[in-house]
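The values are calculated or read from the model by the stated rules, or taken from the named source; none is laboratory data. None of these values were measured; they are calculated from a predicted model. Cβ sites come from the backbone with ideal geometry, for glycine too, and all protein chains shown count toward neighbours. These accessible areas exclude ligands, DNA and RNA; they are computed on the full protein's heavy atoms, side chains included. Shrake-Rupley method; radii C 1.70, N 1.55, O 1.52, S 1.80 Å.
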Amino acid sequence: MTEAVTPMMIQYRRVKDEHRDKILFFRLGDFYETFFDDAELVSRELEIVLTGRDAGNGSRAPMAGIPYHAAEGYIARLLERGYKVALCDQVEDPKSAKGLVKREVTRVITPGTVTEAGLLDERKHNYLSAVAGRPGGGYGLAVIDSSTGDFAVTEITGPAADQDLLDELGRIAPAECLLPAGMAEAGRVADDIRGGRLRIPVTVRPELEFQPELAAEDLRRQFRVATLDGYGCGGLPAAIGAAGAVLAYLRDTQKSDLGHLTGLHTYQRSEFMVLDAATRRNLELTKNLREGGRRGTLLELLDLTVTAMGARLIRDWIERPLRGVESIRRRHDAVDEFLNHPFMRKDLRDYLRGVRDLERLAGRVAYGSANGRDLLALKASLEQVPRVAEVLRASGPKSSALADLADRLNPLPEVVALIGRAIDEEAPPAIREGGLIRRGHDPRVDELREAGRDGKSWIAALEARERERTGVRSLKVGFNKVFGYYIEVTRANLESVPPDYDRRQTLVNAERFITPELKEKEALVLGAEERLAALEYELFQAVREKVAEDVPTLIEDARILAELDAMAALGEAAAVFGYVRPSIGAAGRIEIKAGRHPVVERVLAAPFVPNDTLLDRENSRLQIITGPNMAGKSTYMRQVAQIVLMAQMGSFVPAAAAEIGVVDRLFTRVGASDDLAMGQSTFLVEMVETANILNHATADSLVILDEIGRGTSTFDGLSIAWAVAEYVADPARIGGLTLFATHYHELTELEGLVPGVTNLSVAVAEKGDEVVFLRRIVPGGTDRSYGLYVARLAGLPAEVTGRAQEILNSIEADEEVRRSRRQVAASRRPRYITQLALFESKTDPLVEELRSLRPVEMTPLEALNKLYELQEKARRGR
């Protein structure tokens, strides 16, 4: 094959063979070109014209190209679709090249390794993750945002490690996940990561890169330390293996120094409230349920930050509420100070508005991809640092968090001064075409500029002189990259061309000439411009490398400013929305006075109706909430969940007062829909999510259950709902704090039967045929759902609702007869036995054995064997 192709195609083939899994963008002049299969893919995905190029011996290669200067936008679209791109650039000057210009891959861009500002959402992290298997079960997980250097590891163990890993990856939502070859090729977890509900692009890497000993050595070398114990991961071999794989992958793709990776931090999932995917979705924390955007979410409400770094951090706080009481109180102290010092808060936020994305700017400096404008943005950001520190110190902060952050800020005056001296305020985005270096920084630059300026002035005056000399008014002086400077004369005026004009190019309607004098000046101008561009690039690189020495400090400053921005934003939210500081205590009690739904209250035209909440382990750990649809049950339960989450993330809360016992996990089972892609019905989705709650909730959890059992027949659904309610209320099983909304009014009978169960309902006022939902949660249950009234509100035809009323009256009459018969029978038996036959016996050993079973932990075969065993005992009367 190689005999039939041109030298350039041979070069292309060699590079492509090393990057078969990537789209290869091959630099040819001012374009990045793709060939063969890549060209067909790029043409299809980017909707650009597919052309062809001579490949030698009469053959043509399919070709599709994009302009070099506009590559970012095209690459972004390919990354969104999960593709990887390799950039193959010219690494020598074409003018000095002997033969074919040397080309090499200078960068590989994958979904998880993007650093360019134009390819990133500045208000979201762009994470790359890696998962390593752990001997004996479990996983090591490493996560990095390569654009900021934020690098973290953890290990996930225990009987539910598979699900916990998927939950954690779901929370992080990495743009790409690295898996060792063995795990990627065989294993349900790998399938769930790349498919299922996560749909994370997976990149398979060699097993050797995940080997803990080699990874530890590589990490120690990168961080320049003798041990990793100082980062908290010394005894976590799987986490170290995952981190080593991340580091190796970044080296392979970035082709540059990773100077901003100076360490990592180890975290434990137990430090944070655990939120599974269903809970994050149901509470609409960062994405709404309609189109997946941020409108109408808790994030949209609380993200009043003024910097990109602060926006990313507050998103992280929402998705990872704290569990440590002192850590939560420390944040509350800072928010309290911002709330009570409005002028300090305003001044700080005004200064922070002048701070660009310092974290990602520092990353681009470290990678060697920062341009002149990036350095100017970095300088402008650092100039705000002493002002921010002064604002904090002037207020004499009582908050230890604010005082500590102010003391740790470093304005790096040397960096500010260097950039100010060296980089021109009008620096262009390109770094190889001159215009970067400030006048007076280097005399050589000034001399070359002066020489070039003089030559250009002479050339600019040449046109007027030659018009006067030749009498040709249409004569003009031009320039192109092929012929340089030239004098152009139209055909009609060729008789007036002087003898010292030397013809260089013939056009349809004109001819182009040069003169010895013009050629001399051209050499002066172009030579000066080339030497100037090369010198400016050299000086710029020296400045960038000098700034890179302070990248660790830049990143530290960025993270301090992000924290100040996030805390000030929460202070602003508290002031604007009327939030109060919650009291934080030990788990087991939640009391909220006049609580409000933080998002719903902002969109209602009418005043929001607040409600009180009291949940405690001793007297009211499970609250059964009944009432009509549209009356506010779901809003009430969600507002309790969001208030608890807000309190633990460090925010003040929408209430008159709140006492929040720290929650370890927050679960919501709200609504359901078919998951056709997974082959799961509404009811199966509901049961899977319920099983997840029953298997993971603890006595310190808050559980929100909405309409359990409604996806199946009435009696099946009632039975399941009753059993679930008993299970979550039982301290021997879960005993956590639970809000349970239901239309099964029979469940209200649990109050008085099961300790810790109380009834609540939504207050309703009836005026004749009219019903008014008061939105108030009051003690006691209800046996009415007002379904027909809601149906009339929805616009069902009167004929349908009228007929439904007739049927309802008939059913209720029959039920009244049956109720009378049950009451007669009940007078001869203890009251508890009359509640529901499925749950009657308290003494029958067979029922006790049935009650003790945990079907969700049994295999189908074990369940079938146990069912057969119980059936045999029942037949024998045992």
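Ranking request for peptides 287-293, 602-608, 567-573: highest mean number of other beta-carbon atoms within 10 Å first, then the rest in descending order. Mind showing how you got there, number by number?
Values: 287-293: 12.0, 602-608: 10.0, 567-573: 26.1.
Packing order, densest peptide first, comes out as 567-573, 287-293, 602-608.
Taking only C-alpha pairs under 8 Å that are 6+ residues apart, what is the relative contact order of the range 63-111 in percent?
Rounded, it is 37 percent for the range 63-111.
With a 10 Å radius around each residue's Cβ, average the other Cβ atoms per peptide and rank 323-334, 219-230, highest first.
Working: 323-334: 18.0, 219-230: 13.9.
Ranked from most to least packed, the peptides come out as 323-334, 219-230.
Mind checking which aspartates and glutamates have their Cα closer than 20 Å to the Cα of residue 593? Skip sequence neighbours fewer than 8 apart in that chain.
336, 601, 612, 616, 618, 659
Which value, in Å² rounded to 10, gives the accessible area of residue 246 with a 1.4 Å probe and all protein chains present?
Roll a 1.4 Å probe over it and residue 246 shows about 0 Å².
Work through the residues other than residue 531 whose Cβ is under 11 Å from its Cβ and net out their charges, Lys, Arg +1 and Asp, Glu -1. Show your work: numbers first, answer last.
Working: positive: 444, 449; negative: 447, 529, 530, 536, 538.
Charge balance in the 11 Å sphere: -3.
Of all alpha-carbon pairs in the chain, indicate the percentage at a distance above 50 angstrom.
Summing the P(r) tail past 50 Å for the chain gives 37 percent.
In straight Cα distance, which lysines are under 28 Å from residue 124, not counting same-chain residues fewer than 8 positions off?
Within the straight-line limit of under 28 Å, residue 124 reaches these lysines: 22, 84, 255, 287, 346, 379.
Would you rank 714, 626 by solvent-accessible area, highest first, keeping every protein chain in place and using a 1.4 Å probe? Walk me through the numbers on the way to the answer.
Working: 714 90, 626 0 Å².
Correct descending sequence by accessible area is 714, 626.
How would you classify the range 231-292 from its alpha-carbon gyration tensor, with a ≥ b ≥ c the square roots of the eigenvalues: rounded for a/c under 1.5, else prolate if a/b is greater than b/c, otherwise oblate?
Since a/c reaches 1.5 but b/c is at least a/b, the shape of the range 231-292 is classed as oblate.
Between 0 and 90 degrees, rounded to the nearest ten: what's the tilt of helix 633-649 against the longest Cα principal axis of the chain?
60 degrees
Roughly how many Å is it from the Cα centre of the range 625-642 to that of the range 414-443, as a whole number?
The distance from the Cα centre of the range 625-642 to that of the range 414-443 comes to 60 Å.
Which net charge results for the neighbourhood of residue 313, defined as the other residues with beta-carbon distances under 13 angstrom from its beta-carbon, given Lys and Arg at +1 and Asp and Glu at -1? Don't skip to the answer; put the middle values down first.
Values: positive: 123, 124, 312, 315, 320, 331, 559; negative: 122, 145, 150, 303, 316, 319, 357, 359, 563, 565.
Summing Lys/Arg as +1 and Asp/Glu as -1 gives -3.
Can you classify the range 346-493 as rounded, prolate or oblate using the Cα gyration tensor, where a ≥ b ≥ c are the square roots of its eigenvalues, rounded means a/c under 1.5, and otherwise it's prolate if a/b beats b/c and oblate if not? The partial results should precede the final answer.
Working: a/c = 3.72, a/b = 3.66, b/c = 1.02.
Prolate.
Take the alpha carbon gyration tensor of the range 257-411, find the square roots of its eigenvalues, order them as a ≥ b ≥ c, and report rounded if a/c is under 1.5; if not, report prolate when a/b exceeds b/c, else oblate. Mind showing how you got there, number by number?
Details: a/c = 1.57, a/b = 1.19, b/c = 1.32.
Oblate, since a/c reaches 1.5 and b/c is not below a/b.
With the other protein chains left in place, how much accessible area per residue, in square angstrom, belongs to the range 390-466 at a 1.4 angstrom probe? Show your work: numbers first, answer last.
Values: 4160 Å² over 77 residues.
On a per-residue basis, 54 Å².
If packing is taken as the average number of other Cβ atoms within 10 Å across a peptide's residues, how do 553-564, 175-186, 43-54 rank, most packed first?
Values: 553-564: 22.8, 175-186: 19.1, 43-54: 13.6.
Highest to lowest by the protection proxy: 553-564, 175-186, 43-54.
Lysines within cross-link reach of residue 456: Cα-Cα under 17 Å, excluding same-chain residues under 8 positions apart?
476, 481, 519, 521
Just the number, please: carbon plus sulfur as a percent of the accessible area of the chain, 1.4 Å probe, no ligands or DNA/RNA counted.
In the chain, the share of accessible area belonging to carbon and sulfur is 51 percent.
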